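Okay, so here's the structure we're looking at.
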Amino acid sequence: MTSRNTHVCPVQLSGSLDNRIRKWLQNPQKILAPYVREGMDVLEVGCGPGFFTLDLAWMVGNSGKVVAVDLQEGMLEQIREKIRGSEIEQNVELHQCTEDRIGVSGSFDLVFLFYVVHELPDKESFFSELVSVLKDGGRIYMEEPPFHVSKREFEESLRIAGDAGLRVADRPGRFPDRAAVLEKA
Ligand SMILES: C[S@@+](CC[C@H](N)C(=O)[O-])C[C@H]1O[C@@H](n2cnc3c(N)ncnc32)[C@H](O)[C@@H]1O
């Protein structure tokens, strides 16, 4: 079912998404380590100001690539500033999407979705689009915040992902968050 989105995290709140306290609570390297390897092609949708993007880029290295996608140019601009002139500038491709279409080409080993699925207006078309860019054997990592997403809503997102051709491969223990790893069914 499609519904218009009124809950997009505003650029003005990006400071709350990238700071030292969050890094301590949600260490990106630790969260990413089980899923990211050198040379991977990673798609990150809803990258925000890049809390995970920079670590993803370091972890995939020069032989890999991170395509970081967000609805808001203001978020992408912050990443652009953070990587300008750095070693990882070449590993990161920034892409502004529309509300209901990611619009990237290529195929990916990992799709990383952190605190974004609940902001999407049309999860059905979103997961279908992801299936079309996920490599065979590729994985989708999805994590949602408990204060915005009830257990029932999270399960509903997984059901929609299932209808799009994905299956739950793992349920990482990320209390109090809700997390799942998806693969092509
Ligand atoms: C709560 S923030 C999380 C940002 C980042 N993943 C993190 O954990 O720091 C959600 C992000 O998703 C983006 N977003 C919302 N709706 C989107 C859509 N339809 N397509 C792509 N990105 C979207 C917002 O602009 C925002 O940057």
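The values are calculated or read from the model by the stated rules, or taken from the named source; none is laboratory data. Because the structure is a prediction, the values reported are computed rather than measured. So basically every Cβ, Gly included, is an ideal-geometry build from the backbone, and we count neighbours across all protein chains shown.
With 153, 93, 143, 119 as the choices, which residue is within 10 Å of the ligand (Cβ to nearest atom), farther than 18 Å from residue 32 by Cα and touching a residue at least 12 places away in the same chain (Cβ under 8 Å)?
119
Please specify each residue of segment 121-141 satisfying the condition of being aliphatic (A, V, I, L, M), over 12 Å from the mean Cα position of the chain (by Cα) and crowded, with 20+ Cβ neighbours inside 10 Å.
Hit for segment 121-141 is 134, nothing else.
Just give me the residues in segment 51-91 being within 25 Å of residue 129 (Cβ to Cβ) and small (Gly, Ala, Ser), in sequence order.
57, 64, 68, 74
Restricting segment 80-116 to residues that are of a type in the set (Asp, Glu) and in a helix (DSSP H, G or I), which is nearest to residue 67 (Cα to Cα)?
89
This table checks each residue for (1) at pLDDT below 95; (2) within 12 Å of the ligand (Cβ to nearest atom); (3) farther than 13 Å from residue 114 by Cβ.
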| residue | (1), (2), (3) |
| --- | --- |
| 8 | yes, yes, yes |
| 26 | no, yes, no |
| 41 | no, no, yes |
| 49 | no, yes, no |
| 59 | no, no, yes |
| 62 | no, no, yes |
| 66 | no, no, yes |
| 86 | no, no, yes |
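Please give the number of the condition residue 45 fails out of (1) buried (at least 20 other Cβ atoms within 10 Å of the Cβ); (2) more than 12 Å from the ligand (Cβ to nearest atom).
(2)
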